[in-house]
Every structure is written in C-alpha cells, then in structure tokens.
Amino acid sequence: MSNSKFPFRRLPNDLCSKVLKTMGHHEIIAYSFSSNKSLSLVQSLGLPLKKVRIKMEERPRIYLHFRPISVLFKLRMDGIVGGMTSLYQIPSDVDVTVQTIDNSRMFRRVTNSTTFTWSNQEKSIGEWIRYLCSIFRCASYEARFDLFNTRFDLQSLRNTFPKLRRIAIDCFDVEPSEEDIQSFQNISRALLPHAENVELFLEGNISIQHIGMANLKQLEIEYPRNPNFDDLLTWNVERFITDTEHFSFRDLNRFFKLWTKGSNPRLKYLAVDGEALEDWNVLLKGLKAEKVGKRKKYTIQNCVGIRARIRIRNDIDTFVTVKFIVLK
C-alpha cells in the first residue's frame, strides 16, 4: 500500500474549489494557511459567514457563526503575566473549537463540540483578527473590549478591525486610570464611525458625550451613578437604554417637557431601569398626559403633533422601569 499523500494543492483551481466546499469551515481555514495561493482561493469562494464576534479580554476570543456551526478561536497567552496588553502580542498557541448549535429551542444548546490546538502561525493578535475576518463574506461584525490591563492605541485599532456594527466597552474600575480613559477614547474614535449599536458598562466617571452625538441606532449604558438626562438633549441616538442604581423623576420630567417643545426629534425609544428618587406622579407633572387603559400608560404630544407613549412599572418596591416610545 502506498503511503503517498493525495496532491490536493496540485489540483486545478476549479476542482480544488469543489473539494473545499465539501470541507468543514475550520478545515477550510486551516488549508488557507498553507500558502498565499491557498488563501486567495479560499477568499475567491465568497463563502457566507453570518456573524463575527470578537472579545478583547485577557485571553482574546474570536467567534465565527455560520449557523448551525460556530468556530471559536481562543488565543492563549500562556506565560504572559496579565494576559493580553496590546494587539501586537503573539499568542502562545490557539485553541480552535467547532460547535454545532441548536437554536430551535428558547435557549441555545451545544449539541456537539470538538477542540483542536493550532500553532500561532507566527501571527500577532491583531493579525489573527484581520486574517480571520478576511476569509469569508460576512454580514455583521461586533466586538467587546475589556479595558482591564489592556492598552489600545488608535492606529492598531484602525489597522486591525473591520467595520464593526456593534461595539461594547467594559470598564469596571470605579476610578479609571488615565490609560483606561485613553484606551476608551481611542476605541470610540477609531471604531465609532461605522457602528450602529454601542453598549457601555462604566463604573467610573468617563465622558461619553462624543458617543451620544454619533448617529447610532441604539446606545445602551449600564452604570451605577445617576444618569444626566440633560445630555440626551444633544445626543443623536434613535434608542437609548440605561440600567442604573437610581435616577430622578424630576430630571426625566424636564427632559419630556423639552421633547414636547421639539427637542431631540431623532429619539424613538427610551428605557430607564433603577430606583426612583421621588414619587412617580412627579414624572407627569405639566406634560398634559392622557391616560391609556387601567395601567400606568400615558400619551404625550410634541409641538409638531408627534405622539409618544410613556409606560411606568414599579411592581417591586421603589424599583421603577420607565419606557418612552414614539408612536408611528
């Protein structure tokens, strides 16, 4: 019996393409590393990829969602104290996990999972991200950044990431360092122009005014301090969601009054969760709100005749949810 290997790479491109389409996604990616010609051939196939999710944490992760197959790349930082600190670092090796996901039920369920260990291909973290994002024809890119111990400079961010549809930034320090604030500003400056949705978890005092003024479909902020609704008057987002420790009905009432006078015409949805500092009736003072039904639902109207619905729920002690929805 001959031990010679099948000369796959010597096949004509049309035959090679047909063989590639029968292979698993992780096998296609592995083949692309074999030469520049192989990479070009894989890219020419234009294989669809539903979504790419990138998690920039101590040990970066890159998720490729093909449905129902997902391929996860865990960039291991063995021997590097504190994990990833920049996009220029080279991982020790890469764990590649292929999963079959069952989405037919309420909760996603992994029905099959296999993990391989690949070499680092002598590529940095940034090069891994660029490479994996270049292979397939993807509909959506999103990334989450953890500012703990990691420094993101403006140029490496611009050179590394594709046009992200969704961005999330986490900063859990109550007193963020100057480096954290600089990284936050670099991420937003480099990646915000193409983003549609932004999610922020900020425990410290970091200015977000420039983010609110971007043309976003949705801005979601989770932080424990009292939100300043006056900032919303200059923001340019369609949907704003915040989950906070406490907020003021008086401040929210002032915002709604200014909305009735024509302020913030782009806002279509507002949701606030937290502990209210006053009685809920303060929220409706001076708004000429019309009650709808038996629950705490009210309609208000602005100076050009646009109507909006205000819903108030306070089923659990003083914890309140207020939703503001512009009606079509």
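Of note:
- For region 188-328, the percent of C-alpha pairs falling in each 10 Å distance bin, counted from 0 to the bin holding the largest distance, reads 11, 43, 35, 10, 1.
- In the distance distribution for region 43-142, Cα-Cα pairs more than 16 Å apart total 59 percent.
- Two-site FRET efficiency, S17 against E179, from Cβ-Cβ distance with R₀ of 35 Å, rounded to 0.05: 0.15
- Phi angles across region 12-24 convert, under the Karplus curve 6.51 cos²θ - 1.76 cosθ + 1.60 with θ = phi - 60°, into 3J(HN,Hα) values of x, 4, 5, 5, 4, 5, 5, 5, 4, 5, 8, 8, x Hz, Gly and Pro given as x.
- Projected label distance in nm at R61 and R266, using a 7 Å step from Cα toward the beta-carbon: 3.3
- Measuring max minus min along each principal axis, the C-alpha atoms of the chain give extents of 89, 42, 35 Å (largest first).
- Spin-label model distance (nm) - E196 vs N281, 7 Å beyond Cα toward Cβ: 4.4
- Overall form of region 1-75 per C-alpha gyration tensor (a/c, 1.5; a/b vs b/c): prolate
- FRET efficiency, Q89 to L233 (Cβ-Cβ, R0 45 Å, nearest 0.05): 0.60
- Dimensionless Rg over Rh [region 131-237; C-alpha; Kirkwood]: 0.97
- Here's the list of lysines a cross-link from K55 could span, going by alpha-carbon distance under 16 Å and ignoring same-chain residues fewer than 8 apart: K74, K163.
- Applying 0.36 nm per residue to the separation of T114 and D153 and subtracting their alpha-carbon distance, the gain on full extension is 10.5 nm.
- Bridge type composition, the chain - antiparallel percent by DSSP, nearest 5: 60
The numbers here are math on the coordinates, done by the rules we state, and not lab data. On a predicted model such as this, the values are computed, not experimentally measured, just so you know. Neighbour counts are summed over all protein chains in view; Cβ atoms, including those assigned to glycine, are modelled from backbone coordinates with ideal geometry.
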